[in-house]
1. Has region 10-25 got any residue that is in contact with a Phe, Trp or Tyr (Cβ under 6 Å, 6 or more places away or on another chain) and of a type in the set (Val, Ile, Thr)?
2. Being part of a loop (DSSP other than H, G, I, E, B) and among the aliphatic types (A, V, I, L, M) is the filter; apply it to region 19-33 and report the residue that is least open to solvent (accessible area, probe 1.4 Å).
3. I need every pair where a residue in region 37-48 that is in contact (Cβ under 8 Å) with a residue 12 or more places away in the chain has its Cβ under 9 Å from the Cβ of a residue that is in a loop (DSSP other than H, G, I, E, B) and open to solvent by 80 Å² or more (accessible area, probe 1.4 Å), sequence separation at least 6 or different chains.
4. I need a count of the residues in region 34-53 that are open to solvent by 80 Å² or more (accessible area, probe 1.4 Å), under 30 Å from LEU14 (Cβ atoms) and in a loop (DSSP other than H, G, I, E, B).
5. Just give me the residues in the chain being over 18 Å from the mean Cα position of the chain (by Cα) and hydroxyl-bearing (Ser, Thr, Tyr), in sequence order.
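The values are calculated or read from the model by the stated rules, or taken from the named source; none is laboratory data. These figures come from a predicted structure and were not determined experimentally. Heads up, the Cβs are rebuilt from the backbone with ideal geometry, glycines too, and the neighbour counts pull from every protein chain shown. SASA here: full protein model, heavy atoms, side chains in, ligands and nucleic acids out. Shrake-Rupley method; radii C 1.70, N 1.55, O 1.52, S 1.80 Å.
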Amino acid sequence: MALRLSGEPGAPRLAGALVLRHSELGLQPFALPGGLLAVQDEVLLEFELQAGG
């Protein structure tokens with residue numbers, strides 16, 4: 001997991017990214033017969049949180 005803290009005083013901002021793997025969670029990636037649609041084992045979750053008042 002990578003995290004980055006930035007922003008101004010009183011308005012912090014946190015951004016990050018996390019890679020989730022279906023196989024690590026004991027799940028099998030989704031796929032349709034014939035290979036029409038398939039989901040990768042890795043899913044990238046990116047986020048940004050900002051506080052302000």
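1. no
2. LEU32
3. If the second residue must be in a loop (DSSP other than H, G, I, E, B) and open to solvent by 80 Å² or more (accessible area, probe 1.4 Å), the pairs left are VAL39/PHE30.
4. Looking only at region 34-53, we keep the residues that are open to solvent by 80 Å² or more (accessible area, probe 1.4 Å), and these are 34, 36-37, 40, 42, 44-46, 48-50, 53.
After this cut, where a residue has to be under 30 Å from LEU14 (Cβ atoms) as well, the list is 40, 42, 44-46, 48-50, 53.
If we keep only those that are in a loop (DSSP other than H, G, I, E, B) too, we end up with 40, 53.
The total comes to 2.
5. SER6, the sole residue that qualifies.
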